[in-house]
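*Asks:* I'd like to ask you about the structure that follows.
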Amino acid sequence: MKRPRSAAAKRALGLWKQLPRSARVHTTIRWWTAPFEALDAEVPRSGNILEVGCGHGVFTTYMALSSTSRTVVGVDIDPEKVTLASESLRGLRAGEASVRFEHRASGDIPTIDGCWDAIVFADVLYLLAPEDRSRLLSECVGALAIGGSLIVKEVDTEPKLKARISHFQEFLATKVLRITDGDVLNFPSAAQLAMLMTSEGLVTRRARLDKGYFHPHCVVVGTKTSS
Ligand SMILES: C[S@@+](CC[C@H](N)C(=O)[O-])C[C@H]1O[C@@H](n2cnc3c(N)ncnc32)[C@H](O)[C@@H]1O
């Protein structure tokens, strides 16, 4: 568990002060339990960044606040979360951050002229069946610029105790409390994700982000070197 430390992190969470208590609590817990500052360090400091499955968008907005050279778009299949995410932006000052949110159906990846410099997933792919996950990643690779990165943060399947904690929590979130939309619960390991991204032609590397956390956070970064 880690408190928000940087000014951008405090600002991103502060934008939720005027929003419903349940959403504010959710975004605060999300921040304390996910390694967002370490994940942000994997994202290019400038360019067009897409986050797929942005949820309430606290990480999306944080990316935009932590570097104003980024233009960040967050998309999610849950219209209520996207509405709340957009409402949180009302507190931004002019020029403070370039960020917006869109509601999109699963697999509907927005495209832009010149393609995306980075596409980010933070704890989304475990909610897709393996064949849908492969299809979605393939579509994202197609929407990336040459030199761009696909940055996938998930919880790894090791160490086993941390993995069990994550799986139980996600079972509660999706099947009992129903606060997360998703088709299935299918947790890929970091090694499987890296293999999948390599098979899409990306040059990949992986890192653990779980020091000080109860969950086995990991990230796989794939760089597109050719079309
Ligand atoms: C655990 S939440 C993570 C939200 C956000 N990325 C974060 O780190 O706070 C998973 C999100 O993925 C979204 N999601 C599930 N399946 C999706 C899909 N096929 N395409 C886009 N978003 C999806 C859910 O609606 C939910 O908001």
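No value in this document is a laboratory result; all are computed from the given coordinates. Here the structure is a predicted model, which means the values were calculated and not measured. Here the Cβ is made from the backbone with ideal geometry for all residues, glycine too, and neighbour counts use every protein chain on show.
*Asks:* For Lys162, list the aspartates and glutamates whose Cα falls under 16 Å from its own Cα; do not include residues on the same chain fewer than 8 positions away.
*Replies:* Answer for Lys162, where 16 Å is the Cα cut-off: Asp123, Glu154, Glu170, Asp210, listed by chain and number.
*Asks:* Select from Pro79, Trp32, Ala122 the residue farthest towards the positive end of the dipole of segment 7-224; place +1 on Cβ of Lys and Arg, -1 on Cβ of Asp and Glu, and compute about the Cα centre.
*Replies:* Highest projection toward the positive end goes to Trp32.
*Asks:* Could you work out [θ]222 nm for the chain from helices alone, using -39500 (n - 2.57) per DSSP H run of at least four and dividing by all its residues? Round to the nearest 500 deg cm²/dmol. Walk me through the numbers before you get to the answer.
*Replies:* Values: 8 runs with 81 residues, N = 227.
Mean residue ellipticity at 222 nm (helix-derived): -10500 deg cm²/dmol.
*Asks:* With only Lys, Arg, Asp and Glu charged, each at its Cβ (+1 for the first two, -1 for the last two), find how big the charge dipole of segment 91-185 is about the Cα centre; round to the nearest 20 debye. Before the final figure, lay out the partial values.
*Replies:* On the way: 11 positive and 15 negative charges, 78 e Å.
Dipole of segment 91-185, to the nearest 20 debye: 380 debye.
*Asks:* What is the distance, in nm, between label points placed 7 Å from the Cα along the Cα-to-Cβ direction at Asp108 and at Ala207?
*Replies:* For the pair Asp108/Ala207, the computed spacing is 3.5 nm.
*Asks:* Calculate the all-directions average of the projected area of segment 127-227's alpha-carbon convex hull, and give it in nm².
*Replies:* Working: hull surface 26.3 nm².
Hull-based average projected area comes out at 6.6 nm².
*Asks:* Further question: How large, in Å, is segment 23-99 by the Kirkwood hydrodynamic radius built from its alpha-carbon pairs? Walk me through the numbers on the way to the answer.
*Replies:* On the way: mean 1/r = 0.0791 Å⁻¹.
When all Cα pairs of segment 23-99 are included, the Kirkwood radius is 12.6 Å.
*Asks:* Give the lysines reachable from Lys17 as a straight Cα distance under 25 Å; neighbours fewer than 8 places away on the same chain don't count.
*Replies:* Lys2, Lys81
*Asks:* Over all directions, the average projected area of the alpha-carbon convex hull for segment 73-137 comes to how many nm²? Numbers along the way, then the final one.
*Replies:* Details: hull surface 21.8 nm².
Average projection, Cα convex hull of segment 73-137: 5.4 nm².
*Asks:* Also, quick follow-up: If you take every DSSP beta bridge whose two residues both sit in the chain, what share of them, in percent to the nearest 5, is antiparallel? All intermediate terms of the calculation are to be shown ahead of the outcome.
*Replies:* Details: 14 of 36 bridges.
Of the beta bridges lying entirely in the chain, close to 40 percent run antiparallel.
*Asks:* While we're here: So if I take the alpha carbon set of segment 7-224, get Rg, then get Rh from the Kirkwood formula, what is the Rg over Rh ratio?
*Replies:* Working: Rg = 16.1 Å, Rh = 17.3 Å.
The Rg/Rh ratio comes out at 0.93.
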